[in-house]
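Below is one structure, written out as structure tokens; comments come after it.
The values are calculated or read from the model by the stated rules, or taken from the named source; none is laboratory data. This is a predicted model, so every value here is computed, not measured. Positions of Cβ are backbone-derived with ideal geometry, glycine not excepted, and every protein chain shown enters the neighbour counts. When the accessible area is computed, the model is the full protein with side chains, heavy atoms only, and any ligands, DNA or RNA have been set aside. Shrake-Rupley method; radii C 1.70, N 1.55, O 1.52, S 1.80 Å.
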Amino acid sequence: MREISKLSELEQGEKALVLEICSEESMGRRLQELGLIKGTEVTCIRKSPLGDPVAFLIRGALIALRLEDASCVKVQNCEVQDWD
């Protein structure tokens, strides 16, 4: 299992736990309102054909994030699951 450091680095089917958000105040608040708080499990569900945006399963909701925003979220790898 490989270590992940940013949410934007997750591949389809990978899960990770949120460690912290490293972003300006307004974007950090927005990401927290979407459910990205410390300890939350996030799963990468789908990547668009060009790779941006990416759909994540966060607290039961499917949410698309731009890679720029997802790269502000530090995570720790959990496990791999196949989502074909």
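Looking across region 20-41 at every residue that is surrounded by fewer than 15 Cβ atoms within 10 Å (Cβ to Cβ) and either among the hydrophobic types (A, V, I, L, M, F, W, C) or in a loop (DSSP other than H, G, I, E, B) (or both), the one that is farthest from the chain's Cα centre (by Cα) is identified as E24. For region 4-19, a residue qualifies if it is open to solvent by 50 Å² or more (accessible area, probe 1.4 Å) and among the basic types (K, R), and exactly one does: K6.
If you filter region 23-41 down to residues that are modelled with pLDDT of 90 or more and touching a Cys at 6+ places or on another chain (Cβ under 8 Å), you find that the one that is farthest from A61 (Cα to Cα) is L31. Of all residues in region 1-22, those satisfying the criterion of being closer than 17 Å to I63 by Cβ and hydrophobic (A, V, I, L, M, F, W, C) are L7, L10, A16, L17, V18, I21.
Within region 42-62, the set of residues being surrounded by fewer than 12 Cβ atoms within 10 Å (Cβ to Cβ) and within 12 Å of K74 (Cα to Cα) is empty.
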